[in-house]
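What follows is one structure encoded as structure tokens, with my remarks underneath.
The values are calculated or read from the model by the stated rules, or taken from the named source; none is laboratory data. A quick note: this is a predicted structure, and the numbers were derived from the prediction, not measured. Note: ideal-geometry Cβ built from the backbone for every residue, glycine included; neighbour counts use all protein chains shown. All accessible areas refer to the heavy atoms of the entire protein, side chains included, with ligands and DNA or RNA removed. Shrake-Rupley method; radii C 1.70, N 1.55, O 1.52, S 1.80 Å.
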Amino acid sequence: MPELLGTAAGQVSALGRPRSLWSDAWRDLRRNPVFLVSALVILFLVLISLWPSAITSGNPLACDLAKAQQGSQPGHPFGYDGQGCDVYTRTVYGARTSVTVGVCATLGVALLGSVLGGLAGFFGGAWDAVLSRTTDVFFAIPVVLGGLVLLSVVTSNTVWPVIGFMVLLGWPQISRIARGSVITVQQNDYVQAARALGASNSRILLRHIAPNAVAPVIVVATIALGTYIALEATLSYLGVGLKPPSVSWGIDISAASPFVRNAPHALLWPSGALAVTVLAFIMLGDAVRDALDPKLR
């Protein structure tokens, strides 16, 4: 029966009913210290992204050249950068940019890649062949080089051109994952039974295949989220991503690089925040993968 799909074999709840893959995965995640630590870090980042004024009262664009490159002071624990801006305030506000870019790019990539890859895997034929060749073309484009070429002509200071670029070059990976997962799932007996009973293609795809094929997409997308945050910082560092007066860890790292000997703190804090953020999302993705992959049980 479709209600029992994804049930982990031999695993039964306390009430004697079989547990679904999702409930079993959630049980494992709650017991995984890696997941708990990474989830707490990500929750903190989300909160300061939504309400940065909760932990800082400063203005990230307020700078005083008289304080340029000065170290830690009362009320300014991270010191000042080369322009006299408070490093602590800019580091806090930089989290908003990174989280926004990472989440929006991941949602866009997951949605576009899942739809295209799922349809290609389900219908096959010419649609599958065209999509496969198209993904081959996109895989041949180096991401950083593509960003230098495509974003160098963009004058907008918002995050949306960067997000659009990531979606444009990121969907082929999710598309292939979704295609392979759909092809595997639609060979199961319950799908063949639904087809024999006269279920429409849309019902089979949405009711029987999609819920059981989405797990690999979630795993890859969660790990990729950290990659997109690092990519935004890289592009901003190279001067083609976000541009001043936008606040970004990549911009701050780029601005602090020439003064690394005189003011290493201006480089240390945004770099450390970026590293911790990317690591937290990668650790979260690894924990989700371990929980959703039955082969690892």
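Going through the DSSP H helices of the chain, which span 30 Å or more along their own axis at the Cα atoms while scoring at least -0.5 as a mean Kyte-Doolittle hydropathy?
Once both thresholds are applied, what remains is 87-123, 160-185, 215-237, 264-292.
So how do 144-155, 172-183 stack up, highest first, on mean other-Cβ count within 10 Å?
172-183, 144-155
Using per-residue counts of other Cβ atoms within 10 Å, averaged over each peptide, order 118-124, 134-140 from highest down.
118-124, 134-140
Most fluctuating residue of Ile229, Ile141, Ile218 in a GNM of the chain with Cα springs under 10 Å: which is it?
Ile141
Under 4.7 Å Cβ to Cβ, no partner at all: give me those cysteines from the chain, in residue order.
Here Cys104 come out as lacking a disulfide-compatible partner, given the Cβ-Cβ threshold of under 4.7 Å.
Tell me the label-point distance for the pair Gln73, Trp22, using the 7 Å Cα-to-Cβ offset, in nm and rounded to one decimal.
My value for the distance between the label points is 5.3 nm.
How much accessible area per residue does region 41-148 have, counting only protein heavy atoms and a probe of 1.4 Å, in square angstrom?
With the other protein chains kept in place, region 41-148 gives 49 Å² per residue.
Sticking with the crude label model, points 7 Å out along Cα→Cβ, report the distance from Val37 to Asp189 in nm, one decimal please.
Roughly 4.4 nm, to one decimal.
Using alpha carbon coordinates only, what is the Rg to Rh ratio of region 215-297, with Rh defined as the Kirkwood radius?
Taking Rg over the Kirkwood Rh, I get 1.14.
For region 173-277, what does the accessible surface come to per residue with a 1.4 Å probe? Please give it in Å².
46
Please give, to one decimal in nm, the separation of the simple spin-label points placed at Leu197 and Ser152, each 7 Å out from Cα toward the Cβ.
Distance between the two pseudo-spin positions: 5.8 nm.
Would you work out what percent of the accessible area of region 137-204, with all protein chains in place, is carbon or sulfur (probe 1.4 Å)?
64
Which shape class, rounded, prolate or oblate, goes with region 94-141 when its Cα gyration tensor gives a ≥ b ≥ c as root eigenvalues, a/c under 1.5 marks rounded, and past that a/b bigger than b/c marks prolate?
Oblate.
What order do Trp160, Trp127 take when sorted by accessible area (1.4 Å probe), most exposed first?
So, going from the largest accessible area down, we get Trp160, Trp127.
Regarding the chain, what are the three Cα extents along the principal axes, ordered largest first, in Å?
Sorted largest first, the three principal extents are 77, 49, 27 Å.
Where the convex hull is taken over the Cα atoms of region 151-217, what is its projected area averaged over directions, in nm²?
Hull-based average projected area comes out at 6.0 nm².
Which of the three applies to region 133-262, rounded, prolate or oblate, going by the alpha-carbon gyration tensor with a ≥ b ≥ c and a/c under 1.5 meaning rounded?
Prolate, since a/c reaches 1.5 and a/b exceeds b/c.
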